[in-house]
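What follows is one structure encoded as structure tokens, with my remarks underneath.
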Amino acid sequence: MRTRPAAALAAALLLAAGCSTGGQPTAAPELPEPSRELVAWADTVCTNVELVDGLRSHVGSGYYTSAVTTDVAAALESLKTLEASGIKQADSYVGGLVKALERLRDELPAEEADPARITALVGEVGKQQPALRRLAARTRALAPSYHLAPGCGPLKRPPESDTRATRALVTWANTLCEGVSSIAELPAPGDELLKHPSFAQFESMELSSYLTSVPGQLSSIVDPIAGLKDTRIAQADTYRDELVGALRDAGSRLPGDVSTLDLYDVPLAQLRERANQAAATVAALEPKGEELPGLARRHPALADAYHLAPRCEAEPPAPATTTTLPKAKNGTNVAACQGGTCQIEVSEPKDVTVRGNVFTIAVSDGTVWMASGSGLIRLMGAGTAQFGVSGATVVFEVVASTDAAAVLDVSTT
């Protein structure tokens, strides 16, 4: 009889054990997975937040107001076109920052003002980097991507995530991809428009500008790549070293430290020859051997990093779509501008007369060219050009543009 309580207790213990371990095991929560989209989102936001927090660094400049105005405009343009992350708290943060920057933009004076006033206005926006870092640290879905984003500072406590990539490898891949892309985008000397009589007079200036700028452009590509630490993946480090060597070799064969004044008296034929030689040197910079995507695929951690890096392309880019221009009020009728105000569409070189002043306007490779007498202004994308003529100012504003055409608002003040 005395054994029954013990037996009952044993049965109860077995029953309890069965309840806790005998059924389906509780699944461990899935680790959050970083994504290229969220890494790119975080990278963009962090870069612009750094720009905002640096507004007061302009205080010692004689152009404090204009510098702040320029940086605020740049941050707003980037943040307002940023695709939503899909994370409520993160998108709410960006929305609040945009509103704060819009208020600051609207309150900034049009001309240089008392630095203390500008500093006070900037101070109302507040320091953003600490707030963004706190948001990322407490947002489980965002933290892994934020921590890996090259433009963001690492979180103090690295978040758990389902990836083999490390922050160092994502930065490495992103820097290499950006460099290789920048090589392909290096400009060619001159433009077909320079064959047009209204633009031909500017060819020497354009070629001189190309020859003096391309060494610096090459240096801006090689320096970040050369500064990368070893990945300890032999093939990856060899790829980086060979690319750095090719870039430096090309740089040594380009014109040295020259200014436009150094080229002032060089005959046009000789400028063309030098520019073509420089362009050929740059064109030969296509990376040799295995391409970066193939190299990345053979190393699991690097493959993960490559697919997360914002500047790397996991898939071939989609074919470019043609932007449809809005309808210009005056269409292609440039004669409507004679009175001083019009809205026209331009593509091929056309002479536009505004209150007796003749301007030649054309669009080439996404750039709007505007020439008047000995003056030349070029705009890529939205922007405004002003020409001072006969006691007045003629203003051309690019409303929209494609590779081959643009809609311009023309006004006179």
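Using per-residue counts of other Cβ atoms within 10 Å, averaged over each peptide, order 182-188, 135-141 from highest down. Before the final figure, lay out the partial values.
Working: 182-188: 13.9, 135-141: 17.1.
For the peptides 182-188, 135-141, the packing ranking is 135-141, 182-188.
Along the chain, the exposed loop sites are chymotrypsin sites (Phe, Trp or Tyr not before Pro) outside DSSP states H, G, I, E and B with at most 13 other Cβ atoms within 10 Å, and the longest stretch free of them is 64-263. Annotation: per residue accessible area for the chain equals 56 Å², rounded to a whole number [probe 1.4 Å, protein chains only].
Per DSSP helix of 4 or more residues, -39500 (n - 2.57); summed, then divided by the residues of the chain. What does that give at 222 nm, rounded to the nearest 500? Walk me through the numbers before you get to the answer.
On the way: 14 runs with 191 residues, N = 413.
So the helix-based figure for the chain works out to -15000 deg cm²/dmol.
The accessible surface of region 54-141, taken with every protein chain in place and a 1.4 Å probe, is 52 percent carbon and sulfur.
Could you order the peptides 404-412, 173-181 from most to least packed, using the average number of other C-beta atoms within 10 Å per residue?
On the way: 404-412: 19.4, 173-181: 21.3.
In descending order of packing, they fall as 173-181, 404-412.
The calculated FRET efficiency for the pair THR353 and ALA184, based on their C-beta separation and a Förster distance of 45 Å, comes to about 0.65. The shape of the chain can be summarised by an equivalent ellipsoid whose semi-axes, obtained from the alpha carbon gyration tensor, come to 54, 30, 21 Å from longest to shortest. Between GLY391, GLY126, GLY153, the Gaussian network model of the chain with springs among Cα atoms under 10 angstrom shows the greatest mean-square fluctuation at GLY391. Straight Cα distances below 20 angstrom link LYS195 to the lysines LYS350, with same-chain residues fewer than 8 positions distant left out.
The aspartates and glutamates whose alpha-carbon is closer than 14 Å to the alpha-carbon of LYS99, local same-chain residues fewer than 8 away aside, are GLU77, ASP91, GLU107, GLU124. A Förster radius of 56 Å, combined with the Cβ-Cβ distance separating THR413 from GLU313, puts the computed FRET efficiency at roughly 0.80. Charges were assigned to the Cβ only: +1 to each Lys and Arg, -1 to each Asp and Glu. The resulting dipole of the chain about its Cα centre is roughly 1980 debye. Positive contributions from Lys and Arg (+1) and negative ones from Asp and Glu (-1), summed over other residues with Cβ under 11 Å from the Cβ of VAL98, come out at +1.
Among 339-350, 75-86, what's the highest-first ranking by average C-beta atoms within 10 angstrom per residue?
Values: 339-350: 17.6, 75-86: 14.7.
Listed from highest to lowest mean packing, they are 339-350, 75-86.
Quote the convex hull volume per residue of region 167-216, based on C-alpha atoms, as a whole number of Å³. Don't jump to the answer; show the numbers that get you there.
Values: hull volume 3.8 nm³, N = 50.
Roughly 76 Å³ of hull volume per residue.
The values are calculated or read from the model by the stated rules, or taken from the named source; none is laboratory data. If you're wondering where the values come from, they're calculated on a predicted model, not measured in any experiment. Glycine also receives a Cβ, built like all others from the backbone with ideal geometry; neighbour counts cover every protein chain displayed. Surface accessibility is based on the protein's heavy atoms, side chains included, excluding ligands, DNA and RNA. Shrake-Rupley method; radii C 1.70, N 1.55, O 1.52, S 1.80 Å.
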